[in-house]
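The values are calculated or read from the model by the stated rules, or taken from the named source; none is laboratory data. Since the model is a prediction, treat every value here as computed from it, not as a measurement. FYI the Cβ positions are ideal-geometry reconstructions off the backbone, even for glycines, and counts take in every protein chain you see.
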Amino acid sequence: MTDSSRDNLFSSPLGKVPSFVFDQAVVDVFPDMISRSVPGYETILAHTGELAERFVQANTHCYDLGCSLGASTIAVRQRIEGRGATIFAVDNSTAMLSKCQKILDARPDSTHVELVDSDICDIEISNASLVVMNFTLQFVPLAQRAALMEKIYQGLNPGGCVIISEKLSFEPESLNQLLSELHHGFKRAQGYSDLEISQKRDSIENVLVPETLDSHIQRLRACGFQSASPWFQCFNFCSLVAIK
């Protein structure tokens with residue numbers, strides 16, 4: 001890994017820490033940032049592909065909402081070749097999509113991927129057999145999350161699958177604190193300093209708003225999902241699967 005692709009964004013004292021945004025500086029280091037910040041990230045990606053193989057139906061649509069650099073799109077695409085499906089990879093960061101296109105172009109595949117520059121709350125969901133939101137919903141304003149999930153449910157075909165991976169909050173606060181400390185220990189083990197951990201936390205506060213696992217499951221069931229459950233958890237990071 002070159003120095004330019006290693007996440008050093010918060011390694012020097014910043015004084016007033018700016019709010020986190022998915023700009024070019026983040027794009028340049030994003031693969032390193034997410035792999036060193038999210039425990040179990042590679043496992044979630046691998047099983048996103050496995051779930052796609054199980055659930056993606058022929059000639060349907062797949063949606064990667066908040067696709068960033070397309071890691072989930074690639075994980076899905078390589079497991080559904082020959083099904084005539086189309087993947088819509090959606091993000092509102094132009095810098096992310098520009099780099100994503102280059103990554104996809106370097107790995108040609110027969111499954112068509114359409115990049116969509118849009119807020120995920122504004123797009124139409126139709127004829128869907130798979131919707132993936134890997135660490136995306138946590139960045140959507142709380143007041144918009146229920147409507148987004150309802151739209152996804154309505155656009156999902158019977159038997160379709162939704163994957164939602166999120167950072168969680170926990171109750172009581174003592175448990176939330178314990179899991180946060182374990183997560184910070186994970187980040188230290190990946191080479192992040194206490195300064196980096198602290199400044200990143202300040203930067204992302206009120207930008208990434210986590211919810212409890214119960215909140216996620218109740219929202220899914222309110223939409224109509226009868227099957228909704230976590231399938232992976234490490235510390236305060238979890239991935240859920242819901243089937244229509």
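A compact table of results
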quantity	calculated
Residue selected from the range 203-214 under the condition part of a helix (DSSP H, G or I) and within 18 Å of the chain's Cα centre (by Cα), by the criterion nearest to residue 36 (Cα to Cα)	204
Filter pass, residue 111 being surrounded by fewer than 19 Cβ atoms within 10 Å (Cβ to Cβ), in contact (Cβ under 8 Å) with a residue 12 or more places away in the chain and polar (S, T, N, Q)	no
Filter result for residue 107 (more than 26 Å from residue 201 (Cα to Cα) and modelled with pLDDT under 95)	yes
Test for residue 107: is it closer than 18 Å to residue 55 by Cβ and of a type in the set (Lys, Arg)	no
Test result for residue 53, modelled with pLDDT of 95 or more, more than 18 Å from residue 139 (Cβ to Cβ), touching a Lys or Arg at 6+ places or on another chain (Cβ under 8 Å) and acidic (Asp, Glu)	yes
From the options 185, 191, residue that is closer than 23 Å to residue 14 by Cα, in a loop (DSSP other than H, G, I, E, B) and either among the aliphatic types (A, V, I, L, M) or modelled with pLDDT of 95 or more (or both)	191
Candidate set from the range 29-76 (those that are assigned to a helix (DSSP H, G or I) and among the acidic types (Asp, Glu)); member that is surrounded by the most Cβ atoms within 10 Å (Cβ to Cβ)	32
Test: residue in the range 153-165 that is over 27 Å from residue 14 (Cα atoms), of a type in the set (Ser, Thr, Tyr), touching a residue at least 24 places away in the same chain (Cβ under 8 Å) and surrounded by 14 or more Cβ atoms within 10 Å (Cβ to Cβ)	yes
Flag for residue 145 being touching a Leu at 6+ places or on another chain (Cβ under 8 Å), basic (Lys, Arg) and surrounded by fewer than 19 Cβ atoms within 10 Å (Cβ to Cβ)	yes
Some residue of the range 190-200 being within 30 Å of residue 131 (Cβ to Cβ), buried (at least 18 other Cβ atoms within 10 Å of the Cβ) and under 21 Å from the mean Cα position of the chain (by Cα)	yes
Test set (1) in a loop (DSSP other than H, G, I, E, B); (2) under 23 Å from residue 237 (Cβ atoms) - residue 125 fails condition number	(2)
Qualifying residues in the range 1-28 (those that are modelled with pLDDT of 95 or more and not in a loop (DSSP other than H, G, I, E, B)) - the one surrounded by the most Cβ atoms within 10 Å (Cβ to Cβ)	27
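Here is a yes/no grid of residues against (1) among the acidic types (Asp, Glu); (2) in contact (Cβ under 8 Å) with a residue 12 or more places away in the chain; (3) farther than 21 Å from residue 149 by Cβ; (4) outside any strand (DSSP E or B):
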residue: 197; (1), (2), (3), (4): no, yes, yes, yes
residue: 201; (1), (2), (3), (4): no, no, yes, yes
residue: 216; (1), (2), (3), (4): no, yes, no, yes
residue: 220; (1), (2), (3), (4): no, yes, no, yes
residue: 231; (1), (2), (3), (4): no, yes, no, no
